[in-house]
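Heads up, the thing below is written out as structure tokens.
A short reminder: the numbers here are calculations on the coordinates, not readings from a lab. Please read these numbers as outputs of a predicted model, since none were measured by experiment. Using ideal geometry, Cβ is built from the backbone for each residue, glycine included, and neighbour counts are taken over all protein chains shown.
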Amino acid sequence: MLPAKLTQTTLSVPALVEALGLAAHDEGGYFRQLYQSDWTVPTAREGSARYGLNTIYYLLTAESPKGHLHRNQSDIVHFFHAGHPLTYFLLSPEGQLSTVVMGPDPAQGHVFQMTVPGGYWKASFLASGDFGLISEAVCPGFDYRDRTLATPAMVRQEFPQHWEALAPYVLEHPVT
């Protein structure tokens, strides 16, 4: 739900960034964590325990239209909120590449919600318009130790058949 001072007719990138308290994200676009559970769950991951659940807002804009290719260990459910469609590239651990468009118009094949299983690579982009706003719920909760940003060498080695499609979404020198 959007804050009361924002309406569909007043949505703009500066208004969204300010009203939602968003900051630049190292994957591209803007984000803010909204919720983090008080409880944790044990995992076999580095550092073991993870928060049970956390959620974020995520915004791509005409000025920052790409969410760069990355992989998370946790399942992530995405929810479309406002703006223009966002296209997602999803790459399974077995190398199957698919696309999903999140957006406001199911008649055009858009979805309002999708789940990206842990272990899948994903990249996103805003093809047109000023912005696309989603939120994500991550379970077990997001931890930077569970995320891998793709490098060109990694994609060329593991998924050479998809390099051409994914190259625009791979950071040359990702910050980890």
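Subtracting the Cα-Cα distance of Thr151 and Ser128 from 0.36 nm times their residue separation leaves 5.7 nm of extension gain. Under 5 Å between amide H atoms, partner at least 5 residues away or on a different chain: which partners does His25 have, H built in plane at 1.01 Å? HN-HN under 5 Å from His25: Tyr30, Phe31. Its DSSP H runs of at least 4 residues, each contributing -39,500 (n - 2.57), put the calculated 222 nm mean residue ellipticity of the chain at -2500 deg cm²/dmol, to the nearest 500. Split the chain at each of the GluC sites (Glu not before Pro) in a DSSP loop with at most 11 other beta carbon atoms within 10 Å, and the longest piece is 95-171. Fully extending the segment from Ala167 to Leu97, taken as 0.36 nm per residue of separation minus the present Cα-Cα distance, adds 23.9 nm. Between Ala19 and Thr40, the FRET efficiency from the beta-carbon distance, with R0 = 45 Å, is close to 0.90.
Projecting the Cα atoms of Ala153, Val138, Tyr120 onto the charge dipole of region 115-156 (Cβ charges, centred on the Cα centre) puts Ala153 farthest toward the positive pole.
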